[in-house]
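Every number in this text was worked out from the coordinates using simple rules, so none of it is lab data. Being a predicted model, the structure only gives us computed values, none of them experimental. FYI the Cβ positions are ideal-geometry reconstructions off the backbone, even for glycines, and counts take in every protein chain you see.
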Amino acid sequence: MKKRKDCVFGLHFDFHAAMGQKNIGENYDEASWVKMLDEVKPDFIQVDTKGHAGVSSYPTKVGNAAPEMRCDILKNVRRITKERGVSLYAHHSGVWDKTAAALHPEWGALREDGSCTGETHLFSDYSEKLLIPQIKELAEYGLDGVWVDGDCWSVIRDYGVSLAKFAAQTGNSDAKSREYADFLRERFLEYVEHYAKAVHAQYPDFEIASNWMYTSFCPENPRADVDFISGDLLPDDSVCAARIEARLVSNQNKPWDLMAWGFNIQNGFFVEKSAEQLKQEAAAILMNGGGVQVYQVQNVGKVSVRSAGAMKAVAEFVRARAELVGKRPYNRTGWLFSTEGYRFEKEMIYNNNGDARAYANGGDILAAADTRLNFDGGFTHWFSEHLEEYDNICVHNFGGIEAELKEKLLGWTERGGKLFLAGTYAARAFAEELGLPKETERGVRYLLHGEESCGLDTEYLCVNGGRGALYGDYHCENKCSSAYFVRDYGKGKIGGLLFDLGKDYKVNRARVMEKFLENVFKEIGFTREIEFVSPCAVDVTVQRGGNVVYIDLLNLNGVHGDARVRSFENIPPIYGVAFSYACPPPKRVRLVADEGKVEWNYADGKLNVALDKLDIHNAVALEY
């Protein structure tokens, strides 16, 4: 069976068995599984073993099995996947286990009102007495690994045992404090490390991932004994979500993939996505070096063969680009997503869902990418060790940053680096060094750039003497404050926004925002290896593997960001994509996917490339 590091495409099936659910397996239809596997030919699949309700969908001897099962779906699926050389992973809920918390109230994490909604707390015996024994049981079943769901993002501020332990250690009983949140974060990292090591001690080849661990949800230096990184994207606006998440996880030095949901949810019911829609989501992952999986709902033992054709088309699209998986970013611009910044003033422990600031800030990354700036991302530990590999650094719009990392960034800038602070909060984090105010103001302001303007509901720093302007009126006659600043700093430059562009860009974008930001980058002196002949709706990244450099181009056309549209298939191609890339002369230039034609020439230190057409995605491979 393939290890996860060797996998390119997979399918995910779960159904989260409910409490008291009977007759699981009565709908088991082996023919539907065989058809899906034989037509789609995935490298791996993930199937249900236990959802958030805590009810196991196979006849477990150590867990809480659903009553009156009709057949062992897991055993049968293991048999047919093994016959086809398809790796099999369990979808298994971790911290969130409603049944365990109900049967063992002492395991349950408590809300402020004393209620328990099914999350277990991190100091309970749950891991030792249920989670670890059951994962070992899955290894005995012959599975290749487990994808632990409901883990980091299910950790809550426990008002019970965890708070009591924190208070006993520190004398602080404030459950809303930053110190308590960090206490729980550290405990969660230890918790995963413990269960992963316990399983690996007995089953060293059994692979483990904790959903969304070591991503933007949990931006830490990988230390737990997990084998790969994975997370499932939200079902709507998934192209943009993938563009954000894939960049940030690309430098974690672990095999990784992201999951696209094969359906959307509108007013409580499911809407199937088209193959074209899923290809666009997959491409946003591939262009950053990740593997792809697609989530299809399992009907308690039967899979929908109706979707086999679409899944086959997506799988073939991904396999045509298989050489991109596992490649490393190779950009001169980096996006710093600080671990301290993430934790700063954050209420949730390791969860972005429902955290308005976390997702609004993702708009900063999208805005920069929409200027066709090629960049990769990473967390504190990455940039602490790799600053010198970059010409330009963008600091994510968080209100805090590690003191040591800030010092390194300023030293790097003094030596000639170009530093961009992505908004109000990031600028405030450097307030002392730059003489900026720390207090923000809030209101509707208008951004004027050239002859275009747009309104913003924004938090801003009231600074005069900077560049650009925010206005208090639609006619842009009443100037309120500066919009950005650029300053010399040693041999380098520091520039930044004095308002929160990302929040509005994420949900209410306007073309003037991109033009404005592109100009800010230019005034800071950002170097761009890639220059497009004319603006086009393309996201671009650069990867490298061995003696090959890949310039990835993602077509952003289509209505993937329209909240009214849940399923679509029309993604208009882009004709005549032309750009230059500053690089040594390659021996050969080719397209990774056999779609369209590429022409190229080399002159004056630049490779000039022209594609006749870009459908959804392609990569220009430069062989050296």
| task | Name the residues whose placed amide hydrogens come within less than 5 Å of the amide hydrogen of ILE229, ignoring near sequence neighbours (fewer than 5 apart) on the same chain. | result | TRP256, ASP257
| said: If each DSSP helix of 4+ residues adds -39,500 (n - 2.57) and the sum is divided by the residues in the chain, what number results at 222 nm, nearest 500 deg cm²/dmol? | reply: -8500 deg cm²/dmol
| task | Report the relative contact order of the stretch 4-326, percent, no decimals, based on alpha-carbon pairs under 8 angstrom and at least 6 residues apart. | result | 20
| task | Report, in cubic angstrom per residue, the convex hull volume of the C-alpha atoms of the stretch 391-483. | result | 110
| query | Taking the Cα centre of the stretch 182-236 as the origin, how large is its charge dipole in debye, to the nearest 20, when only Lys and Arg (+1) and Asp and Glu (-1) carry charge on their Cβ atoms? | reply | 140
| note | For the stretch 4-326, using Cα atoms only, the Rg and Dmax in Å read 19.4, 61
| Each residue of the stretch 523-529 in turn: what ³J(HN,Hα) in whole Hz from Karplus with 6.51, -1.76, 1.60 and θ = phi - 60°, glycine and Pro shown as x? | 5, 6, x, 4, 7, 10, 5
| said: Suppose we keep just the DSSP beta bridges with both residues in the chain; what percent of those would be antiparallel, to 5? | reply: 60
| Between GLU569 and ASN23, what is the spin-label point distance in nm, taking each point 7 Å from the Cα along the Cα→C-beta axis? | 3.5
| Using the count of nearby Cβ atoms within 10 Å as a rough guide to exposure, how do ASP615, ASP257 rank from fewest to most? | ASP615, ASP257
| query | Between LYS2 and GLU407, what is the label-to-label distance in nm when each label sits 7 Å out along the Cα-to-Cβ direction? | reply | 4.6
| message | How large is the direction-averaged shadow of the alpha-carbon convex hull of the stretch 162-309, in nm²? | response | 12.3
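Please give the contour-minus-distance gain from TYR474 to LYS75: 0.36 nm per residue of separation, less the Cα-Cα distance, rounded to one decimal in nm.
137.1 nm
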| query | Of CYS476, CYS394, how do they rank once you tally other Cβ atoms within 10 Å and put the fewest first? | reply | CYS476, CYS394
| How big is the Kirkwood radius of the stretch 30-171, worked out from every pair of different alpha carbons and given in Å to one decimal? | 16.4
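At a Förster radius of 22 Å, what calculated FRET efficiency corresponds to the Cβ-Cβ distance of VAL598 and ARG328, to the nearest 0.05? Don't jump to the answer; show the numbers that get you there.
On the way: r = 23 Å, r/R0 = 1.04.
With R0 = 22 Å, the Cβ-Cβ based efficiency is 0.45.
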| field | In range of the label at GLU623: residues from the stretch 569-586 whose backbone nitrogen is under 15 Å from the point 7 Å along Cα→Cβ | value | 586
| remark: Classified through the alpha carbon gyration tensor (a ≥ b ≥ c as square roots of its eigenvalues; rounded if a/c is under 1.5, else prolate when a/b is larger than b/c, else oblate), the stretch 368-445 comes out oblate
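What is the ratio of the Cα radius of gyration of the stretch 264-411 to 2.2 N^0.38 Å, with N the residue count, to two decimals? All intermediate terms of the calculation are to be shown ahead of the outcome.
Values: Rg = 19.1 Å, N = 148, 2.2 N^0.38 = 14.7 Å.
Rounded to two decimals, the normalised Rg is 1.30.
Report the net charge of residues surrounding GLY545, where surrounding means a beta-carbon distance below 12 angstrom and charges are Lys +1, Arg +1, Asp -1, Glu -1. Before the final figure, lay out each step's value.
Values: positive: LYS327, ARG328, ARG544; negative: GLU323, GLU623.
Summing Lys and Arg as +1 and Asp and Glu as -1 gives +1.
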| task | Please say if the stretch 531-623 is rounded, prolate or oblate, where rounded means a/c under 1.5 for a ≥ b ≥ c the square roots of the C-alpha gyration tensor eigenvalues, and otherwise the choice is prolate for a/b larger than b/c and oblate otherwise? | result | prolate
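Would you order ARG343, ARG223 from fewest to most other beta-carbon atoms within 10 Å of each residue's own beta-carbon?
Numbers: ARG343 17, ARG223 12.
So the ranking, lowest neighbour count to highest, is ARG223, ARG343.
Report the full-extension gain for the segment ASP125 to SER534: residue separation times 0.36 nm, less the Cα-Cα distance, to one decimal in nm.
Numbers: separation 409, 0.36 × 409 = 147.24 nm, distance 6.04 nm.
Here the answer is 141.2 nm.
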| field | Sum of side-chain charges, LYS312 neighbourhood, beta-carbon under 13 Å (Lys, Arg +1; Asp, Glu -1) | value | +2
| Relative to the compact globular guide of 2.2 N^0.38 Å, what is the alpha carbon radius of gyration of the chain, as a ratio? | 0.98
| note | Counting sequence-distant residues (5 or more places) and residues on other chains, those with an amide H built under 5 Å from that of ARG467 are ALA483, TYR484, PHE485, VAL486
| said: Multiplying the sequence separation of PHE344 and LYS41 by 0.36 nm and subtracting their Cα-Cα distance, what value in nm do you get? | reply: 104.6 nm
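Please report the equivalent ellipsoid semi-axes of the stretch 332-528, computed as sqrt(5 x eigenvalue) of the Cα gyration tensor, largest first, in whole Å. Walk me through the numbers on the way to the answer.
On the way: eigenvalues 119, 73, 51 Å².
Taking √(5λ) for each eigenvalue gives 24, 19, 16 Å, largest first.
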| request: With everything on Cα atoms, drop me the angle between helix 356-369 and the longest principal axis of the chain, reported from 0 to 90° to the nearest 10. | output: 60
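Checking the table LYS22/LYS273; LYS50/LYS136; LYS5/LYS41 against a 21 Å threshold on Cα-Cα, which pairs fail?
Numbers: LYS22/LYS273 30 Å; LYS50/LYS136 14 Å; LYS5/LYS41 17 Å.
Those over the limit are LYS22/LYS273.
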| note | quick shape note, the stretch 127-210: Cα extents on principal axes in Å, largest first -> 46, 20, 17
| task | Can you tell me the 0 to 90 degree angle between the C-alpha axis of helix 73-83 and the longest principal axis of the chain, rounded to 10? | result | 70
| message | Between 0 and 90 degrees, rounded to the nearest ten: what's the tilt of helix 275-286 against the longest Cα principal axis of the chain? | response | 70
| query | Which percent of Cα-Cα pairs in the stretch 225-270 sits in each 5 Å bin, short to long? | reply | 5, 20, 26, 19, 13, 9, 5, 2
| field | Long-range HN-HN contacts of CYS454 with modeled amide H, under 5 Å | value | LEU447
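Ranking request for peptides 485-494, 420-429: highest mean number of other beta-carbon atoms within 10 Å first, then the rest in descending order. Spell out each step's value before the answer.
Numbers: 485-494: 17.6, 420-429: 26.5.
Highest to lowest by the protection proxy: 420-429, 485-494.
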